[in-house]
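The values are calculated or read from the model by the stated rules, or taken from the named source; none is laboratory data. Keep in mind it's a predicted model, so treat the numbers as computed, not measured. Heads up, the Cβs are rebuilt from the backbone with ideal geometry, glycines too, and the neighbour counts pull from every protein chain shown. Each accessible area value is taken on the protein alone, full model and side chains, heavy atoms only, with ligands, DNA and RNA left out. Shrake-Rupley method; radii C 1.70, N 1.55, O 1.52, S 1.80 Å.
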Amino acid sequence: MISLPGLNLASQPIEPLNVPTSTATRTQDLSANTEYRFEVSFSRTLTVKLQSGTAEFFGTELAPATTYTFQGTKGAIFTWHGCKLEIGGEVESDYVAEETPMMSCANLHFALENLRDKSVSSGSVEMGPRVLVVGPENSGKTSLIKTMTSYAVKSGRQPMVVNLDPRQGMLSVPGSFSAAAYSSIVDIEEGWGSSPISGPSPIPVKMPLVYHYGLKDPEEGKAFKPLVTRMALAVTSRLEEDNASKQAGFIIDSSGAISQGKNGVYENIEHIVSEFSVNVLITLGSERLYSDLARKFSNQVRDPSESVSVIRLEKSGGCVDRSEEYMKALRHAQIREYFFGKGDETLAPSSQMADFGDLNLFKLVQESDNAEYRPGDYDASSSPIYEKITPSAALQNKLLAITTASPNERQEVIRDSSIRGYIYVADVDEAKKKVKLLSPQPGQTPGNAMVLGSWPEDIPGLVS
Amino acid sequence: MSLPAAEVAADFRDALQDLRLNSRPEISNLTLIAKENTEYAEAISTELENHIRSTRPEWKLPALYVLDSIVKNVGTPYTVYIGRNLYRTFMDAYLVMAQDTRKAMEGLLRTWKMPVPESMDPRPVFPADVTRDIENALTKIRAAVQQQVQRPQHALPPRPPTNVAWRDTSTPPQNLPRYAAPNDPRARPSFPPTTPQYGPPLHTATPPMQYQQPQQQAQPMSSIDLADLKSEVTQLISTTQTMFAHNHADLALRTKLQALLSLKQILDTQTLPPQQLEAVRQQIRALAPPPAPSTPVYPPQHTLPTHFQPNLPSNFPPVTAPPNSAPPNVAQLLAGFRPPMQQTPQPASTPNPPAFNLVDLLKRVSSPAQSSSIPAPAPFQLPFQGFPPPNSTPMPIPQAAAPAPSSTPTASLATLLAQFNKPAGAPPMSQPMPMQSTPVPQFPPQPNTAPPTLGSAEWLLKALGSVPGATPAISTPIASQQMARQSSAPFNVMDQIELTTVSMKKPRLHLISRLYEAKPNICATCGRRFESTSEGKEKKARHMDWHFKVKDPDAAKRGVHRSWYMPEKEWIEYKEVDETSPNHTSNDSNNSTSSGAKPKKQAKDRYVSVPQDVALQQAPCPICQEKFDTVWSVEANDFVWMDALSVGGKVYHATCFEEYSKGAGIAMPGTPDSVLGKRRAEDAASVNGEGKKVRAF
């Protein structure tokens, strides 16, 4: 079917072959201010089509008469005005919820809009809102941020989103930190959308700046804080260059781990707040976290322009605990998507061979907790970050981050350098000293420093 | 104590409490806290000293490692704050330590006498005189222990050599409750590990001074030639010494000399931030003209234990051993090593105060200079200050005008330098300025100070502080065209939304219309909404065009792949593109308005997709031999080389080729290699042409 602009004839996404497609669809009526919550496993698909009314998926409006396909998703379709959905495929579970936190989301959005308007009327001298969202795992941080981002885009803004959660990637693979400005609609099926590909993309691509963290948890290792600092520097520099982004401000997604704190001290949260000059701190769920942070930041007001508003939002009833199994599948899906694309956007990564000598590999040194401080140790923080390694069979199925730094740079430089992308080690031939790599892009393997982290874990069978 | 300082100190203390083992991560962490809070260095140092003093003996060593790590990794100002009590901090801990941990402490001390490893700075971690005292004390103790070894005693604490007969009592003498500890610290639970005091209570814990380091906000100043400053000081010292030689009785001279020597020592051993150096320099300049010592009237002098241990050959009475027959203990012995100023407090009116507050000194030395109508020292002033220098008429400073030094129990470099921040020639009625709290550096208050006006230094500072920038009062709203519409929407409804938890829960369903009804025109393909204005319609039309363009049936054949991410620098400069913005579908108007530059622009606007072929990717332009700039083009939906042209399998800069072709009479080929088929000519012209470094808008 030819799709012509204006003719509402969007092509049906091609159903993956491995899924038994049930052609039967049913209609689901939603009354105003309710949401349809669903969980779809990675082996099934759910199709949703808006028949009448309005509906939104984490803030992004469903286009009328477009069929959306969900796979391996736990999500909710909310309606402010009531709607009728046509639903097909199979789900693990689904239900309609009457109580949603969407009003709070909308209020938060309009409160942020206030701040953005202030920035606009100051002639971009003031910066728009700097928002950090914290809360335990599975409390709906990313969902809230997606909603905020979508609403802001809808209101004609260009918000920046910063992801500091290594468990989930944003426009990149897990284990990375990224930042991107959203000037166009947030994709519904692909999560955050897609980073640039060499061809046209049905949804405008997003331009992320990506750093490699390579660990599961911000609390382990010492690379977290320097990377946060580096990211903050890049983001603020960008905002100084770009008025539209400066007015819209930014929203930071964080890992649940930093919200645990030690005896009520949330070091990493404080670090992010100070590095990014956060002025709106949203806590999701946990009362304790809210009260600790509210106390901390209400005491600190020295200058009104530095004050931090701490807000607690209710955790949505739709938040489900995502099992480790699901999270793993999600990570693998993200990695697969990075190389091969998703849905009807199929990418062709390039498979290539490289000599051991071509790879400049650096492995994160795992810090052991019982390491002793040695007097006369000069720099407690300058113990090596990386060790140089030669390829071995252990490398198989790992992801390597290709930095923009030359392998001869100082280790701090390598650590702080943004990355060009990831390559996957498909096979290691120790006898011939050859490595088989999967690179997103054809061409020579870059001679830059490559960093191997312990996160994400091995991804067996990405290339069969 | 101001709140932030108290809070930081409390955080630091909490973290310290948990430190029970020699754990590298924990120590690194504490060091990091110290490093990130240098403005609260004094509070943190005090916390650390208190902790080392009060914690259980077996936990002292890790805490000392924290100290070590901080002074080595952070350095000043911690070396200053910790250095002044180091003797006590160290020896207190040493005395209650088990033997093996003492070894570790001695190891620490050794490293403190050396420069920080891998550092460019050749000076030792702590100034030599600080470590020398400790070293001497340790030597004594070792000697004492040596003696001890000959005694068949059960594990006894090291005792000093004594000229009094050793009384082999099973309990320590009652009058000396702070007797040195037995070797095994665990064996003495009844022994309060807190604050053993030696001799006169000289080291009453210093009330933490709140001192915001001025350099925190200071702009980097023109670098000061430290060497110059040092030589100035040296010169001043020698002149003063000469004068002192002629006039031994002159107190002012003597105190001045003392102060100068201390200052020199500080300069020699510490790294001072440029601003402080500048302040010092100003003061030195002011001192340089020989002051006419007109018998100054000193205010009643308190004995202030100075920690700038002036290493003057002093003629103070040597410390004599306690006259009574109580067995001398280590503590007393050690007290003997202290610099001589720890004498019993002198009567307040004593004409010969044994110890001087350096601040006091410099100030006092400078005041006679002023009163003798020598030009007043230039007040400390940042170079970029917008206002005229304070009046230059010399103004004798009445003693009262200076912040009462007697209220400052400890002389510290901080106070000294904070002092310099004050206007030397300020009107006498000026209040002693608070040295803390305000994050803005203190400037000399103008005689009739107005609130920071536009262009004033304070304003400038704020403005320079970039991030949540100060709003200049005059800023007229310059709304960018896109945002203007948004902000013109009714505000008042939204103004009610406070950023509070309670406010978030209030239902405000009327607002939702702003997300939907305000933009009734929806794109059926992706759900993007547009306003029903004519502008909205134009946008939607362009948006639909874009949808059409990206539905490229050939894309799949080309083998689409993920591109590399943008490098940091490019990303910072990158501007997002809105497919609905007018300038990228048509810039005919641009071309017609700048018709003179038209042909050039067209050449520059040509682009080719970055070739897949690696060899070609690396190849420069064959004409100018320069590489191509890779940018992202929304038009092509690909990374492209702008100002490029593919001719016969080679890629040239379009502008280069144009010039070449003009000369050779070759016709310019059309832009090949576009994904966009029939629309390409128009598209090629439409890519925002603002020179060679075109970004995708």
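For this structure, a couple of remarks:
- Helix-derived mean residue ellipticity, 222 nm - over chain A, DSSP H n ≥ 4, -39500 (n - 2.57), to 500: -7000 deg cm²/dmol
- Rounded percent of accessible protein surface that carbon and sulfur make up, the stretch A:45-108, 1.4 Å probe: 46
- Restricting the chymotrypsin sites (Phe, Trp or Tyr not before Pro) of the stretch B:501-577 to loop positions (DSSP other than H, G, I, E, B) with no more than 16 neighbouring Cβ atoms within 10 Å leaves B:TYR516.
- The residues of the stretch A:82-120 occluded by other protein chains by 40 Å² or more of accessible area, set against the chain on its own, are A:MET103, A:ASN107, A:PHE110, A:ALA111, A:ASN114, A:ASP117, A:VAL120; surface from heavy atoms, 1.4 Å probe.
- Long pairs among A:LYS206/B:LYS569; A:LYS118/A:LYS315; B:LYS60/B:LYS103; A:LYS246/B:LYS575, criterion Cα-Cα beyond 19 Å: A:LYS118/A:LYS315
- The label-point distance for A:ALA97 and A:ASN299, in a model that sets each label 7 Å from Cα toward Cβ, rounds to 3.5 nm.
- Using the Cβ-Cβ distance between B:GLN625 and A:GLU241 with R0 set to 30 Å, the FRET efficiency from 1/(1 + (r/R0)^6) comes to roughly 0.45.
- In order along the stretch A:128-135, the phi-based Karplus estimate (6.51 cos²θ - 1.76 cosθ + 1.60, θ = phi - 60°) of 3J(HN,Hα) comes to x, x, 10, 10, 10, 10, 10, x Hz; Gly and Pro are listed as x.
- Per residue, in Å², the accessible surface of the stretch A:43-154 once ligands and nucleic acids are set aside, probe 1.4 Å: 26
- Two-site label geometry, A:ARG410 and B:THR139: point separation in nm, points 7 Å out along Cα→Cβ: 3.9
- Calculated from backbone phi, Karplus (6.51, -1.76, 1.60) coupling profile of the stretch B:562-567 in Hz, x at Gly/Pro: 5, 8, 5, 6, 6, x
- FRET efficiency, A:GLU314 to A:ASP29 (Cβ-Cβ, R0 25 Å, nearest 0.05): 0.45
- log10 of Debye I(q)/I(0), alpha-carbon scatterers only, for the stretch A:167-314 at 0.09, 0.10, 0.20, 0.22 Å⁻¹: -0.32, -0.40, -1.41, -1.53
- Protection proxy ranking, peptides B:102-114, B:29-41, average beta carbon neighbours within 10 Å, highest first: B:29-41, B:102-114
- With DNA, RNA and ligands ignored, accessible area of A:THR390 (1.4 Å probe; Å², nearest 10): 110
- Threshold 20 Å² - residues in the stretch B:527-549 whose accessible area is reduced by that much or more when the chain is no longer isolated, probe 1.4 Å: B:GLY527, B:ARG528, B:ARG529, B:MET544, B:TRP546, B:PHE548
- Association of chains A and B removes close to 10300 square angstrom of accessible area from solvent, both sides included, for a probe radius of 1.4 Å.
- Inter-site label distance for A:SER274 and B:THR234 at 7 Å from Cα along Cβ, in nm: 3.9
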